[in-house]
Ligand SMILES: [Zn+2]
């Protein structure tokens, strides 16, 4: 007996699949150009345009059409752009965040490297970024977006739940593992870091971005690379009356690719990043193509079985959560991952492991800057609660703390502490690391001198303590009530206490 039209319709709805487009731009905070130069566009040797252009043009395009979405994870740059906006624009952008059109991911000041960084560096990076997002948008990111990190660590995954994330997106895993992920439907996994200590308490969903190609796993699908710095698939001719019209063929090829990819998925959802490094410099081009992609997809009737929609990682994981609820047997459960993804081989025998130890001087300078900051930070906390400290002085102290977190956040970016930037750019990072450390040492000596004065009546100028003070003893001429006991006095400050 033929099924009724109603039943058929219901069946179609149940079996319907969804492709989530993630418009995004990955903006390294220093790499082929210095951090500030990427933002301003001063250095155009590699990319024409700037991060300012990306955020300026993208926000306008989002405001034109409420369906459009955008994902962004480099909070330091977003902060720099935000500070230049007037109150009216800020209000509009707050609306974009509230509606979920603009998905501010991770909240890290930079997208950090995970191999050469320490827990405290990762936490500092999140602290300054997430505080900014909370203050300005009351927004707490649910998703970590680490699509360019050169391998992922279990240490980062262990912190992810504590940062408030429900899921992590990444792309760079060993080529052999990537092939296995496709074959065994393991592109989505539950990551269970440090199970021996935490059991399943730190479980987090982990999504691997993979579009079947070795490179470009977080960039546009094939056929749609037409950004200012990526004129690969041009010309893209959208006008159907034009003799050179070629868009429908691209849409059909993309549809076939998504159907194949569903064979590697456990749910009726898949995501496709739509962007790349320094993409959306002229956002209008990308949104015009994406609008036409969806319209053509629907005109060809593909949407009867597969819906193509503007989306974001946060919207995507909400759909995945619904799928999870439907599952009630262990055979349907996500595979569990326990290990990190190091070392990462981009191709057979092409391992990314030199960066673990290359340019060791900058790794040391950043580590020293971090420890000096943490040492000073504890003394700063004691200073800030002093009753005799006026607001101006408190402001100065907090400004020092913010400036340091700003610099350190940038320094753990995956092209900074790793040493994968150009020589010029690394020189800039190194100067920042040294300056940050010096400032922290100065704050240390200032606080310590004040403390000696307050608690022990020992008079010493901060500059007399400066230089070698850190975790080391310092020789200085002291004038103190105790100095007659001995020619030599040790003053010990334990920054961990
Ligand atoms: Zn990057």
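The values are calculated or read from the model by the stated rules, or taken from the named source; none is laboratory data. Since the structure is predicted, the reported quantities are computational estimates derived from the model, not experimental observations. Cβ sites come from the backbone with ideal geometry, for glycine too, and all protein chains shown count toward neighbours.
Remarks
- Looking only at residues in region 94-114 that are in contact with a strand residue (DSSP E or B) (Cβ under 7 Å, 6 or more places away or on another chain) and part of a helix (DSSP H, G or I), the one that is surrounded by the fewest Cβ atoms within 10 Å (Cβ to Cβ) is 97.
- With respect to the conditions (1) under 29 Å from residue 131 (Cα atoms); (2) not assigned by TED's automatic domain parsing to the domain that holds residue 211, residue 69 falls short on a single one, namely (2).
- Output for region 108-132, where each listed residue is within 19 Å of residue 24 (Cα to Cα) and in contact with a helix residue (DSSP H, G or I) (Cβ under 7 Å, 6 or more places away or on another chain): 108, 109, 110, 112, 129
- Yes/no for residue 177 being at pLDDT 95 or above, more than 15 Å from the chain's Cα centre (by Cα) and over 22 Å from residue 415 (Cβ atoms): no
- Screening residue 233 against (1) without any contact (Cβ under 8 Å) to a residue 60 or more places away in the chain; (2) outside any loop (DSSP other than H, G, I, E, B) leaves a single unmet condition, (2).
- Residue within region 131-141 that is assigned by TED's automatic domain parsing to the domain that holds residue 59, over 16 Å from the mean Cα position of the chain (by Cα), on the phi > 0 side of the Ramachandran plot and at pLDDT 95 or above present: yes
This table checks each residue for (1) modelled with pLDDT of 95 or more; (2) outside the structural domain of residue 175 (by TED's automatic domain parsing); (3) closer than 29 Å to residue 153 by Cα.
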{"position": "320", "(1), (2), (3)": "no, no, yes"}
{"position": "327", "(1), (2), (3)": "no, no, yes"}
{"position": "372", "(1), (2), (3)": "no, yes, yes"}
{"position": "386", "(1), (2), (3)": "no, yes, no"}
{"position": "389", "(1), (2), (3)": "no, yes, no"}
{"position": "393", "(1), (2), (3)": "no, yes, no"}
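- Residue pairs meeting the criteria (Cβ under 9 Å; at least 6 apart or on separate chains; first free of Cβ contacts under 8 Å to residues at least 60 places away in the same chain, in region 171-200; second in a helix (DSSP H, G or I) and surrounded by 21 or more Cβ atoms within 10 Å (Cβ to Cβ)): 194/157
- Region 290-319, residues that are more than 21 Å from residue 169 (Cβ to Cβ), surrounded by 18 or more Cβ atoms within 10 Å (Cβ to Cβ) and in contact with a strand residue (DSSP E or B) (Cβ under 6 Å, 6 or more places away or on another chain): 294, 297
- Check on residue 148, at pLDDT 95 or above, surrounded by fewer than 24 Cβ atoms within 10 Å (Cβ to Cβ) and within 15 Å of the ligand (Cβ to nearest atom): yes
- Pairs are defined by a Cβ separation below 6 Å, a sequence spacing of at least 6 or placement on different chains, a first member in region 398-421 that is at positive phi, and a second member that is more than 14 Å from the ligand (Cβ to nearest atom) and assigned to a loop (DSSP other than H, G, I, E, B); the pairs so defined are 419/358; 419/359.
- Extreme residue, nearest to the ligand (Cβ to nearest atom), among residues of region 449-463 that are outside any helix (DSSP H, G or I) and touching a residue at least 24 places away in the same chain (Cβ under 8 Å): 458
- Residue check for residue 232: out of contact with any helix residue (DSSP H, G or I) (no Cβ under 7 Å at 6 or more places or on another chain), at pLDDT 95 or above and over 24 Å from residue 188 (Cα atoms): no
Residue-wise test of (1) more than 16 Å from the ligand (Cβ to nearest atom); (2) not in a helix (DSSP H, G or I).
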residue: 392; (1), (2): yes, no
residue: 397; (1), (2): yes, no
residue: 402; (1), (2): yes, no
residue: 417; (1), (2): no, yes
residue: 420; (1), (2): no, yes
residue: 425; (1), (2): no, no
residue: 430; (1), (2): yes, no
residue: 447; (1), (2): yes, no
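- Condition check for residue 309: within 30 Å of residue 101 (Cα to Cα), modelled with pLDDT of 95 or more and in a strand (DSSP E or B): yes
- Single condition residue 125 does not satisfy, out of (1) away from the ligand (no atom under 16 Å from the Cβ); (2) buried (at least 19 other Cβ atoms within 10 Å of the Cβ); (3) within 14 Å of the chain's Cα centre (by Cα); (4) over 30 Å from residue 348 (Cβ atoms): (1)
- Yes/no for residue 272 being over 26 Å from the mean Cα position of the chain (by Cα) and at negative phi: no
- Of the helices (runs of 4 or more DSSP H) entirely within region 2-88, those holding at least 1 residues that are farther than 25 Å from residue 310 by Cβ and more than 16 Å from the ligand (Cβ to nearest atom) occupy 5-15, 35-40, 75-82.
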